[in-house]
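The values are calculated or read from the model by the stated rules, or taken from the named source; none is laboratory data. Owing to the predicted nature of the structure, the values given are computational and were not obtained by experimental measurement. Here the Cβ is made from the backbone with ideal geometry for all residues, glycine too, and neighbour counts use every protein chain on show. Only protein heavy atoms, including side chains, enter the accessible area calculation; ligands, DNA and RNA are left aside. Shrake-Rupley method; radii C 1.70, N 1.55, O 1.52, S 1.80 Å.
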Amino acid sequence: MLSIIKLSHAPSIISGASVVGKKEYDGPLGTDFDIHDNDSTFGMDTWEKSESEMQRLAVNTSLAKAKLSPSDIEVIFAGDLMNQCTGSAYGALGFAKPYFGIYGACSTFAEGLAIASMMLGAGYYKKCAVVTSSHFCSAERQFRFPIEYGGQRPPTSQRTVTGAGAVILSLDGAGPFICDVMPGIPIDMGISDANNMGAAMAPAAINTFKRYFDETNTSPSDYDLILTGDLGMEGHSILCEIMGTKGYDMSKNYNDCGLMIYNCKTQDVHSGGSGCGCSATVFSSLILKKLLRHELNNVLFAATGALMSPDSIKQGMSIPGIAHLIHIKNERI
Amino acid sequence: MKLIRAFIIGGALCVIAQIFIDKTRLTPARILVAYVTMGVILGGAGVYGYLVDFAGCGATLPLTGFGYSLSQGVKKAVDESGLIGALTGGLTATAGGIAAAISFGYIFSIIFKSKPKR
């Protein structure tokens, strides 16, 4: 039984927008992002409200780029890292549209794109918005301690990206198109070190990529770019090595958003960027621009997520990973 | 002089903790708890007192010093009030420090706004 979902009416990504904090703006992709804020508050008095504001800004900017108004979209798919998807729920309020809150940890953006494109492909909706966000301060409060605690981070940890990325999907559009989707399977290899997410998530990415290449009978070299969300330095090398032993050479055209968004040498981010805002912002800015300019024409985007919770960590449970894959092409199949 | 010894010993305790953070998978919370516990054990055994005499604040300021205070407080309270001292002694001895942490933490959180590191 095949697990790939081919979209016969492939929806088009008609616009994208990204909103980031200071550290991301200071990084290598700084000027590719649409909006940034120097103190990461976005004018709000709590980090959770800041995250909602980032999502609102991302969706509104994306709508403006597509010359649409909020009333033109039919549904919003949104997610973030916080309990009860607080940022997304409050951020969606202003749009007065049907809202699906989703959670896939750092894979949420790909999950949102997958679910949204399947719904559009099946004809339930014609236009929708997909947005995800993460914020360094709210993530620290959520998963570790509030930043007021002043806790120190070990060298293998990644830094949660402060950012929101949004795209508008439409059934009428000239591309790039989401042609097929491979939903991820949760994979748990017994890693319980919360400071080494890359190693926990890499097996899920390996599982998804291998299933995809096998079912489509393709190999990594058939694509212009293979992108993961936030495997970081450790996860990146694990993925390349293990896929290499299975006969898939990913060394030439594979990159990771977590390694692209920061300068790991100069910005003191240890193992790279993470969080669902990481893949959302990088995809909605740099990658989408390259697709629209036809510098990239055939892209595999697989955001990975670590499905643990603060309680599961405290209870000593290991960390399962998941990787949802989206295939984007500049022409419909 | 004592100032330099305090600096060296206090710094050394921090370096040891940093090595744990960099080289092991111990979380900062576990390291801090281990430090308090070591302070209690070494204080109870009578060993930590020598470090305090040698280095003053360099030994009492780090979290091992907090464990040391707990142990000395318990010793004193058990001598004075019997077994109940095992429960009352630690908090009595560290009451000042705990109240200071709470009060100053609260005051500073009202005065200052937190933000992420640059």
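Listing for the model above:
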item	result
Selection count where residues are under 21 Å from A:Ser318 (Cβ atoms), of a type in the set (A, V, I, L, M, F, W, C) and part of a helix (DSSP H, G or I), scope the range A:194-232	8
Qualifying positions in the range B:1-58 - within 14 Å of chain A (Cβ to nearest Cβ), open to solvent by 70 Å² or more (accessible area, probe 1.4 Å) and either modelled with pLDDT of 90 or more or assigned to a helix (DSSP H, G or I) (or both)	B:Cys14, B:Val15, B:Ile16, B:Gln18, B:Ile19, B:Phe20, B:Asp22, B:Lys23, B:Arg30, B:Leu32, B:Val33
The range A:297-324: number of residues that are in a strand (DSSP E or B) and either open to solvent by 20 Å² or more (accessible area, probe 1.4 Å) or not aliphatic (A, V, I, L, M) (or both)	6
Only one of A:Ile147, A:Ile102 that is among the β-branched types (Val, Ile, Thr) and either away from every other protein chain (no Cβ under 14 Å) or closer than 15 Å to A:Ile326 by Cα (or both)	A:Ile102
Residues (charged (D, E, K, R) and either within 14 Å of chain A (Cβ to nearest Cβ) or touching a His at 6+ places or on another chain (Cβ under 8 Å) (or both)) located in the range B:77-118	B:Lys113, B:Lys115, B:Lys117, B:Arg118
Qualifying position, being assigned to a strand (DSSP E or B) and either farther than 18 Å from A:Thr160 by Cα or touching a His at 6+ places or on another chain (Cβ under 6 Å) (or both), among A:Ala64, A:Ala10, A:Ala17	A:Ala17
Residue tally, condition of a type outside the set (Gly, Ala, Ser), within 14 Å of chain B (Cβ to nearest Cβ) and more than 19 Å from A:Phe77 (Cα to Cα), over the range A:1-58	16
Pair list, Cβ < 8 Å and 6+ apart or interchain, from the range A:197-220 residues that are of a type in the set (D, E, K, R) to residues that are assigned to a helix (DSSP H, G or I)	A:Lys210/A:Met243
Some residue of the range A:209-220 being closer than 30 Å to A:Ile35 by Cα, charged (D, E, K, R) and open to solvent by 30 Å² or more (accessible area, probe 1.4 Å)	no
Residue in the range A:118-137 that is part of a loop (DSSP other than H, G, I, E, B) and at positive phi present	yes
Restricting the range A:237-279 to residues that are among the charged types (D, E, K, R) and under 18 Å from A:Gly30 (Cα atoms), the residue that is surrounded by the most Cβ atoms within 10 Å (Cβ to Cβ)	A:Asp256
Residue in the range A:185-192 that is open to solvent by 10 Å² or more (accessible area, probe 1.4 Å), touching a helix residue (DSSP H, G or I) at 6+ places or on another chain (Cβ under 8 Å), within 14 Å of another protein chain (Cβ to nearest Cβ) and within 20 Å of A:Leu81 (Cα to Cα) present	yes
Yes/no for A:Gly123 being open to solvent by 50 Å² or more (accessible area, probe 1.4 Å), away from every other protein chain (no Cβ under 14 Å) and in contact (Cβ under 8 Å) with a residue 40 or more places away in the chain	yes
Residues of the range A:100-117 classified as surrounded by 24 or more Cβ atoms within 10 Å (Cβ to Cβ) and assigned to a helix (DSSP H, G or I), total	9
Residue pairs meeting the criteria (Cβ under 6 Å; at least 6 apart or on separate chains; first more than 18 Å from A:Ser134 (Cα to Cα), in the range A:66-94; second among the aromatic types (Phe, Trp, Tyr))	A:Pro70/A:Phe95; A:Glu74/A:Tyr125; A:Val75/A:Tyr125
